Amino acid sequence: MRVHDRRWLLHKFLHLGTGLLGLTLLGGCIYEKAEPVCVDGPSAKLLPVDLEQPIIYGGDEYLIRWVAFCVDFVRVEFSRNKGIDWTVLGEKIPAKEGEFFWQVPQIYSELAFFRLIDVATNQVLSMTETAQRIIPKVTVLLKDHPELETVGGLLLIELPSFGKVSIIRTGASTFKILNLNCTHLGCPLNTDDQGQNWYCNCHGSMFSKLGCVVNGPAQRPLPVFEHQFNNGEKVLIIYNIQNEPTTC
Ligand code: FES
């Protein structure tokens with residue numbers, strides 16, 4: 001191809017490109033200026049961001065997002081029992097904001113659902129399709145609890161919507177966190193007279209400080225709570241998820 005022909009082709013190509021760009025921008029302007037036409041009425045869809053997490057932890061900030069068309073205000077609602085009861089989280093939120101932050105309470109639920117309501121019509125616009133779990137968690141700062149700074153140290157705390165638990169430091173960065181309800185019939189435990197074991201006043205069961213059965217009628221050791229320890233920041237996070245202890 002001669003130089004002249006190549007330049008002519010390049011010129012045509014640039015011309016065409018500029019034209020397409022102009023059309024795109026023009027189209028964009030027209031689109032942006034156009035008023036939405038609500039042919040199908042109001043609609044909205046919850047978006048899967050945090051709504052995809054299988055587990056939500058109490059105390060966390062949780063993001064609920066959506067897209068909405070032809071809706072002025074939405075109400076965000078939450079159910080902890082698969083839609084039998086609904087609690088309002090956000091009363092009248094401009095739909096165009098498209099998001100809502102929820103401070104998750106310290107509750108336990110296996111069947112958490114969310115939905116969006118059109119405030120004008122009370123119509124349900126969108127609802128999550130699968131259940132999520134909500135699990136309370138407690139954050140323990142070791143600087144506030146010097147008893148946990150040495151191995152063997154013990155601290156009793158209340159776990160929200162659960163009750164009394166014991167935290168025992170078992171190593172430099174290991175802990176055992178015990179449910180202090182008797183595994184016989186669920187009575188709360190106390191320390192025995194020597195302060196060495198956990199004792200049940202109901203029928204006399206006794207457990208070691210680490211939760212193993214010393215005397216029946218209880219047969220199973222005390223359940224332990226899942227937790228995470230950040231050794232650098234000296235922060236212990238306890239989740240309300242219980243397992244059988246691995247050693248006894
Ligand atoms: S409930 Fe504890 S021994 Fe029966």
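Amide H contacts under 5 Å for S126: L116, restricted to partners 5 or more places along the chain or on a different chain, H placed in the peptide plane at 1.01 Å from N. Along the charge dipole of the range 112-225, pointing to its positive end and built from +1/-1 on Cβ of Lys, Arg, Asp and Glu, which listed residue (L116, T128, T191) has its Cα farthest out? Value computed over the given set: T128. What net charge is computed for the residues neighbouring I167, neighbours being all others with C-beta under 10 Å from the C-beta of I167, Lys and Arg scored +1, Asp and Glu -1? Taking every other residue near I167 into account, the sum is +1.
A simple spin-label model places pseudo-atoms 7 Å from Cα toward Cβ; at E147 and E97 they are separated by 4.3 nm. Applied to the range 71-88, the Karplus parametrisation 6.51 cos²θ - 1.76 cosθ + 1.60 on θ = phi - 60° returns per-residue 3J(HN,Hα) values of 10, 8, 10, 10, 10, 9, 10, 9, 10, 9, 9, 6, x, 6, 10, 10, 10, 7 Hz, with x for Gly and Pro.
Note on the range 43-135: semi-axes of the ellipsoid equivalent to its C-alpha gyration tensor, largest first and rounded to whole Å, are 21, 13, 11. On a per residue basis, the convex hull of the C-alpha atoms belonging to the range 92-185 measures out at 180 Å³.
Using the structure shown, select from K143/K176; K137/K209; K45/K92; K82/K209 the pairs with a Cα to Cα distance greater than 27 angstrom.
Numbers: K143/K176 18 Å; K137/K209 23 Å; K45/K92 17 Å; K82/K209 39 Å.
Listed pairs above 27 Å: K82/K209.
Going by neighbour counts of Cβ atoms within 10 Å, the residues S173, S43, S205 line up, fewest first, as S173, S43, S205.
Around the Cα centre of the range 137-243, unit charges on the Cβ atoms of Lys, Arg, Asp and Glu (plus for the first two, minus for the last two) sum to a dipole of about 200 debye.
State the extension gain, in nm to one decimal, for the chain segment bounded by I237 and T130, taking 0.36 nm per residue of separation less the distance between their alpha-carbons.
35.8 nm
Along the axis of the charge dipole computed for the range 43-135 (Cβ charges of +1 for Lys and Arg, -1 for Asp and Glu, origin at the Cα centre), the listed residues L89, S79, F101 are led at the positive end by S79.
Here, each number is a calculation from the coordinates, and none is a lab measurement. Here the structure is a predicted model, which means the values were calculated and not measured. Glycine also receives a Cβ, built like all others from the backbone with ideal geometry; neighbour counts cover every protein chain displayed.
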